[in-house]
Amino acid sequence: MPSSELQRINAFVSAFARRQATRAVDLPGGFAVYDDAFFHSRANNQVIIDTAVDPEALPTIAEEALGHLPHRLISVLDNEAGLACAEPLTQAGYAHSIYAVMLHEGPVPAGRPADEADLDVLRDPLTRRWRGLLPDVDNEVIRHLVDRREARRRGADIVRFISARTEEGEVASWADLYADPVTGTAQIEDLITSEAHLRRGYADAVLTTALRMAADEDCSTRFLTADASDWPRQWYERRGFSTIGHAHCFERG
């Protein structure tokens, strides 16, 4: 059985997706979320599976829910369900990724502070980041991927954008913090450092500030997700995070 911490985290993720969406539709095993303003954003237009589902039926369920979109994203929050869904979905043409759900344990570390920022401050570094990752897409896609952050303000009672700057004032690293003091749950999301400022402590400043802000809101369940097969997972482990579960993402298009 999943731990109580993992159950609380999965409930938070589901609630955040529903609150952020402009429209949600219940489906067998979960729900679909939509936001036409960010049509090109997979995270804003996806299927989320958070209860038991028939793995063989899931490709059809997703097609009916997302058939009007040029892309498909299915997030399966439970590890056993994700593993069971992997074969039918990969046979249907989906790429499969596994993410570690990582819980922060122990005291909040000390470190140099970062600052809360607004979207206007982050727009330029976000645009450069996405343009570097997706050099062939048009400007509308990039705009959706940048501006969708504004919709995240609907997802939780507390949503903060955090950034660390160079001495010259350039944004070097940034992340989101979503917090729900009622359940004591907080998520750190999209911690990114621009390539020009790697290995200079900016990400540590952002992470430490996010953890401190979460603790100040009495959120004892502080978590993030990281690609289970990529190096940032080890970086987070060295900073007090441990893996307590896994979530699965399936993408196509």
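The values are calculated or read from the model by the stated rules, or taken from the named source; none is laboratory data. What you are looking at is a predicted structure, and each value in this text was computed from that prediction instead of being measured. So basically every Cβ, Gly included, is an ideal-geometry build from the backbone, and we count neighbours across all protein chains shown. Surface accessibility is based on the protein's heavy atoms, side chains included, excluding ligands, DNA and RNA. Shrake-Rupley method; radii C 1.70, N 1.55, O 1.52, S 1.80 Å.
Between H40 and any residue 5 or more places off or on another chain, the built amide H atoms are never under 5 Å apart.
Applying a length cut-off of 18 Å (Cα extent along the axis) and a mean Kyte-Doolittle floor of -0.5 to the DSSP H helices of the chain leaves 4-20, 79-91, 202-216.
Extending 7 Å from the Cα toward the beta-carbon at both I98 and R143 defines two label points whose distance is 4.0 nm.
The Rg/Rh ratio for the stretch 1-85, using Cα coordinates for both the radius of gyration and the Kirkwood hydrodynamic radius, is 0.96. With 10 Å bins beginning at zero, the pair-distance distribution over Cα atoms of the stretch 142-207 amounts to 20, 44, 30, 6 %.
Sequentially through the stretch 34-42, phi angles give Karplus couplings (6.51, -1.76, 1.60; θ = phi - 60°) of 9, 8, 5, 5, 10, 3, 7, 8, 5 Hz, Gly and Pro residues having no value and appearing as x.
For the pair R154 and Q91, label points projected 7 Å from Cα toward Cβ lie 3.7 nm apart. With K and R counted +1 and D and E -1, the other residues having a Cβ less than 12 Å from that of F241 yield a net charge of +2. Rolling a 1.4 angstrom probe over the protein heavy atoms with all chains in place gives the stretch 170-241 an accessible area of 43 Å² per residue.
How big is the equivalent ellipsoid of the stretch 110-155 along its three axes, where each semi-axis is √(5λ) from the Cα gyration tensor, reported in whole Å from largest to smallest? Write out the running numbers ahead of the final one.
Values: eigenvalues 110, 43, 13 Å².
In descending order the semi-axes read 23, 15, 8 Å.
Measuring between their Cα centroids, the stretch 1-52 and the stretch 186-253 lie 20 Å from each other. Between A37 and E105, the modelled labels are 4.0 nm apart [label points 7 Å from Cα along Cα→Cβ]. Of the solvent-accessible surface of the stretch 1-110, computed with a 1.4 Å probe over protein heavy atoms with every protein chain present, carbon and sulfur atoms account for 54 percent. Between A117 and R200, the FRET efficiency estimated from the beta carbon spacing at R0 = 25 angstrom works out to 0.85.
Put simply, the amide H of A228, placed in the peptide plane, has neighbours under 5 Å in I98, Y99, A100, leaving out anything fewer than 5 places away on its chain.
Report the percentage of all Cα-Cα pairs in the chain whose separation exceeds 28 Å, rounded to a whole percent. Before the final figure, lay out each step's value.
Values: 10448 of 31878 pairs.
That fraction is 33 percent.
Here the stretch 40-183 is described by how far its Cα atoms reach on the three principal axes: 54, 43, 23 Å, from widest to narrowest. Residue separation of D190 and A57 scaled by 0.36 nm, minus their Cα-Cα distance, works out to 44.7 nm of gained length.
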